[in-house]
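In what follows, a structure is listed as C-alpha cells, so that the remarks can point back to it.
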C-alpha cells in the first residue's frame, strides 16, 4: 500500500481501485480579484486503505481545504476527487450528503458533541441520521463506547467529561456506523500531550482496518509516529510523502 | 432526529425559558387584551342581549346604536302592530334617569320601562323579590351589581326608597343583569311608571319590541315593517352587531386596544425571535457537524421548525392559560369587562404561529447557507 503524490499535474492516471482516495490535479481558489487566494494548486495524491495517513504542514498550507474537499464538504475549483471509487463531482447534492453520511466518519478538533446529549446519544447520532431507532442506535453506540474505554461514562453529558474523554466519544461517533473513510481534523490539538498520545493510540487500535482509510490532519509532530505515511503540504501543494521513520530521521539530520 | 432537536432545544435552559417566556408574554398580552376588548364590546350591546322573548327591535330610522335614543310617538306602535307578519308588538322605554337618595346623594340610572301588561324585556333571573311585585305602585327592580355599587358591603334589603324626577321609587326586587358599557345601575319599571320617573316629553317611546307571527321569519317581518312604516327594524342579532360596529367604528376603543395588542405582538416577537435566532446561531457548529455527518437541509429545517413549534405551543398554552386564569380571578369584579370567545384564542394562536414562523425563517436561512466545512475551521 502506498501513497502517491505529485504537485505537478501527472498523467490522468485511471483510478485503479486500490486506493480509498484518489485526488487528481485538484485546485481550489477562494475569492476573486485582489482577494483571490489559491488554497490548493494542482494537487494529485492517492490515499490507501488500511493505513493511517497524516496530513501535516504549517497553518494555511491547505490541509483543511484538502480534507474538506475529500470529505465532500467543499467543492473544488478544478480537478477530481474519487472516494471509495466514487467521483464526488458526479454526485448530486442529495447523493453526496447521503454518501457522506454512510461512508465517511468525522473527528473534529473541537469535538462538536451536542451538549444536551449523553455520550451514548452523541455517539449514536450517525446511526439516527441513517434511520436507526433511538433505542437501537444508543445500544449500538454504547458498545462502541465500550471499545474506546468509555462504557462506564455512556450516560455522562459532554460537560461532565474531560477533553480526552470527549474526543473518545467523538471517535466512537465517527466509527459507530462503520465508515470506509475516517477524516480527523487536528484530533489532538485541544488536548495535553498525554491525552493526545492516548487518543492517537486509540485511533490506531480501533480505526485502522483493511478496508478503511484514516486521514489525520495535524501539525503536532509528537504524534507523527502514529502514522503509516506522512504527507507534508506547503503553500497549497504537496511537498513530500514519507514514512514516519524517514520524517524523524530527516528532522534529526536537519533536512 | 426529532428527539435530538428537542434535546438541543431544552438543553440550553436559559435560552429555552427565554423563548418560551417571550411567546408566553405575547400570548398573554394578545389574549388578555383581546378578551377585555371583546368584553367591552359585549357590554355595549348587553342590554339587547339580555332582553329575551322579542326578536325584533323597531326604532326611529336615525338610531345608530342602542344608547342612541330617538323617541317615537305612540302611534308608531299601532302602525307596527298593523303590519302583516307581526305577531305582537309592545312599547319599551330606555333612558337615563337621575335619582336622589335620602342622604342627598344623586346617582344616574339606566331606566328600562317594560310593557305594563306583558312585562316583555323583564330580567330573566331574580336574586331577591318577584317580578310580579313590579306591578305594585312606584315599584322598581334593580340589578344586583347596581345595588352593590350603591350600597357596598350592605346586605340585600328590599323596600329601600329613593326619588326619580320627584317621584318616589320603591325597590321591590333584585335581579341579575349583564354589566353595561356605561356601568350605571339598571332599574326596571313598568312602562307607565318609567315615563313618570323622567321629565315629561311629547314622545317617550324608545323602542318597539316585536315578534313574528307563526310562519314568518324575523328577517321577513323586519323588511315588512321598514317598507310599511318607514321605521328601522332589526333582528336582535342585527341590532347587537349594529351597536358593536358603532363602537368599533366611531370610538377609539379598537385603536387603543389594537395598539396594546400590537405592542404585545412586537415585544413578544422581538424577545422570542431574537432568543430563538441566538439559540440557532450558537448551535451553528452543531448544525454544521450534523450537516457534515449527512443530515440534509430539509431535515435541519424540520428540526428547527419542530423546535419553534414546541416553544410556540408551550408559550401559547401558558399565555392563554394565564389570560384565562386572569379572567377567572377577576370574574367577581364587575368593573372589568372580560370575555374570551374562540376567535380571541384563534387570533392569539395565529399571532404565535406567525412569531414562530418569523423566528424560524430568520434562523433557517443562516443554517441553510451554512457550509458544513465550518466544522473544520
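The values are calculated or read from the model by the stated rules, or taken from the named source; none is laboratory data. Note that the coordinates shown come from a computational prediction; the quantities given were computed from them, not determined experimentally. As a convention, Cβ positions derive from the backbone with ideal geometry for all residues, glycine included, and neighbour counts pool all protein chains shown.
One table, with the values for the structure above:
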read-out	value
Scan of the range A:166-204 for residues that are at pLDDT 85 or above and surrounded by fewer than 21 Cβ atoms within 10 Å (Cβ to Cβ), ordered by number	A:178, A:180
Strands (runs of 3 or more DSSP E) within the range B:81-147 that include 1 or more residues touching a helix residue (DSSP H, G or I) at 6+ places or on another chain (Cβ under 9 Å), buried (at least 21 other Cβ atoms within 10 Å of the Cβ) and not assigned by TED's automatic domain parsing to the domain that holds residue B:165	none
Residues (out of contact with any strand residue (DSSP E or B) (no Cβ under 7 Å at 6 or more places or on another chain) and surrounded by 14 or more Cβ atoms within 10 Å (Cβ to Cβ)) located in the range B:238-257	B:238, B:240, B:241, B:243, B:244, B:245, B:246, B:247, B:248, B:253, B:254, B:257
From the options B:364, B:320, residue that is assigned to a helix (DSSP H, G or I), more than 14 Å from every other protein chain (Cβ to nearest Cβ), under 24 Å from residue B:6 (Cβ atoms) and modelled with pLDDT of 85 or more	B:320
Only one of A:64, A:53 that is out of contact with any strand residue (DSSP E or B) (no Cβ under 6 Å at 6 or more places or on another chain), under 18 Å from residue A:183 (Cβ atoms) and in contact (Cβ under 8 Å) with a residue 40 or more places away in the chain	A:64
Residue pairs meeting the criteria (Cβ under 7 Å; at least 6 apart or on separate chains; first not assigned by TED's automatic domain parsing to the domain that holds residue B:135, in the range B:191-215; second outside any loop (DSSP other than H, G, I, E, B))	none
All helices (runs of 4 or more DSSP H) inside the range B:223-301 with 2 or more residues being within 29 Å of the chain's Cα centre (by Cα) and away from every other protein chain (no Cβ under 14 Å)	B:236-250, B:253-282
Test set (1) surrounded by fewer than 23 Cβ atoms within 10 Å (Cβ to Cβ); (2) more than 14 Å from chain A (Cβ to nearest Cβ); (3) outside any loop (DSSP other than H, G, I, E, B) - residue B:22 fails condition number	(1)
Any hit, the range B:41-49, residues being closer than 30 Å to residue B:272 by Cβ and within 14 Å of chain A (Cβ to nearest Cβ)	no
Members of the range B:331-361 found to be touching a helix residue (DSSP H, G or I) at 6+ places or on another chain (Cβ under 7 Å) and in a loop (DSSP other than H, G, I, E, B), listed by number	B:334, B:337, B:338, B:339, B:340, B:341
Helices (runs of 4 or more DSSP H) fully within the range A:77-153 counting 1 or more residues that are in contact (Cβ under 8 Å) with a residue 40 or more places away in the chain, surrounded by fewer than 23 Cβ atoms within 10 Å (Cβ to Cβ) and more than 11 Å from chain B (Cβ to nearest Cβ)	A:134-147
